[in-house]
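Below is one structure, written out as structure tokens, with a few remarks after it.
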Amino acid sequence: MCDSKMPVHEIRTIRAKTTVYLGARAITKMDAIMADLSGRGIGKVLCVTGRGSYRSTGAWDHVRAAFDRYGVDHVLYDRITPNPTVDSVDEAVEMGRDFGAQAVVAIGGGSPIDAAKSAAILLQYPDRDARDLYELRFVPDRAVPVVAVNLTHGTGTEADRFAVVSLPEKDYKPAIAYDCIYPAYAIDDPALMTGLSADQTRFVSIDALNHVIEAATSKAASPYTVLLARETARLVAAYLPQALAHPGDLTARYHLLYASLIAGIAFDNGLLHFTHALEHPLSASGPIWPTAWACP
Ligand SMILES: [Fe+2]
């Protein structure tokens with residue numbers, strides 16, 4: 001099927017390690033996700049978000065309504081900033097522990113999702129904090145379930161095992177990678193991304209392209225990562241200009257979002273190298289344009 005015939009208004013399920021719902025209005029799948037979680041006895045959830053986009057996109061209304069319909073209680077930590085720190089993760093974890101959270105729902109771009117993955121581990125390790133996690137003082141093998149409501153088409157973190165959090169006192173921005181933090185579910189809904197600015201659209205799309213350039217040329221590259229890289233590059237070249245010219249174009253956002261998803265899967269397999277090795281030390285020392293878009 002050619003790109004233009006793809007039914008972007010129909011929600012498709014993409015099963016990687018994470019079950020991803022892709023398509024306009026995929027946010028409505030929060031009901032199915034909450035049905036599954038509540039059926040597994042999960043009744044208390046920690047929500048982790050940035051300061052505004054979780055509301056301005058309309059995602060929060062859907063998420064909160066799904067909580068209500070399935071009798072799931074929640075607390076909200078809404079103070080994650082770009083390049084999140086171990087201190088903000090610890091604040092979110094403290095809120096989750098006090099509440100007795102059994103799962104974490106992230107709503108946002110890479111920063112809230114990565115902070116949420118980190119919190120999901122620490123909710124299973126009551127004697128540990130985020131510095132222990134990011135200074136590799138222990139190797140976790142469990143986390144509470146993570147649901148990622150993705151609001152940017154760049155990082156791919158909604159479907160990979162990575163998280164990045166900064167240690168401000170050391171100007172250090174390490175990544176962790178553990179199987180236990182693959183989100184159980186992710187929502188990739190292009191209708192939530194039409195409000196991204198032109199610069200945000202450029203930065204996140206270039207991030208996705210960088211992921212595959214590295215994943216296809218690393219020592220861990222495979223035919224799979226090369227395949228995903230070719231398709232990501234094709235889609236970004238075709239649809240980034242279209243999204244910049246028409247920010248509300250759902251077809252363009254859909255294909256850029258799919259590209260960022262498969263780019264995330266690509267570097268989950270093929271890993272990363274030079275660009276990200278440069279970016280992490282630079283952005284760890286402060287918010288330097290344009291690296292405020294958290295990523296592995
Ligand atoms: Fe990245």
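No lab work stands behind these numbers, since they all come straight from the coordinates. Note that the structure is predicted; figures quoted are calculated from it, not measured. Cβ atoms come from the backbone with ideal geometry, glycine included; neighbour counts cover every protein chain shown.
Okay, helix-only estimate at 222 nm for the chain: each DSSP H run of n ≥ 4 adds -39500 (n - 2.57), divide by all residues, round to 500 deg cm²/dmol; what do you get?
The per-residue figure over the chain is -14000 deg cm²/dmol.
How large is the charge dipole for the stretch 3-284, taken about the Cα centre, if only the Cβ atoms of Lys, Arg (+1) and Asp, Glu (-1) carry charge, to the nearest 20 debye?
Roughly 580 debye for the stretch 3-284.
Which of the lysines could a cross-linker bridge to residue 117, judged by Cα under 26 Å and excluding same-chain residues fewer than eight apart?
17, 29, 44, 170, 173
Can you put 151, 282 in order, fewest other beta carbons within 10 Å first?
282, 151
Which length gain, in nm to one decimal place, applies between residue 94 and residue 179 when the Cα-Cα distance is subtracted from 0.36 nm times their residue separation?
28.3 nm is the gain from fully extending residue 94 to residue 179.
Which chymotrypsin sites (Phe, Trp or Tyr not before Pro) in the stretch 128-225 sit in a loop by DSSP (not H, G, I, E or B) and have at most 12 other Cβ atoms within 10 Å of their own Cβ?
138
I'd like the trypsin sites (Lys or Arg not before Pro) in the stretch 184-235 restricted to DSSP loop residues with at most 13 other Cβ atoms within 10 Å, sorted by number.
219
Arrange 5, 173 by Cβ neighbour counts within 10 Å, fewest through most, would you?
In increasing order of surrounding Cβ atoms, one gets 5, 173.
What does the charge add up to near residue 259, with Lys and Arg as +1, Asp and Glu as -1, over the other residues with Cβ less than 13 Å from its Cβ?
-1
Of 282, 30, 13, which is farthest towards the positive pole of the chain's charge dipole, taken about the Cα centre with +1 and -1 on the beta-carbons of Lys, Arg and Asp, Glu respectively?
Looking along the dipole axis, the top candidate is 13.
Straight distance only, please: which aspartates and glutamates reach the Cα of residue 5 with their own Cα at less than 20 Å, same-chain residues fewer than 8 apart left out?
Answer for residue 5, where 20 Å is the Cα cut-off: 188, 189, 231, 249, listed by chain and number.
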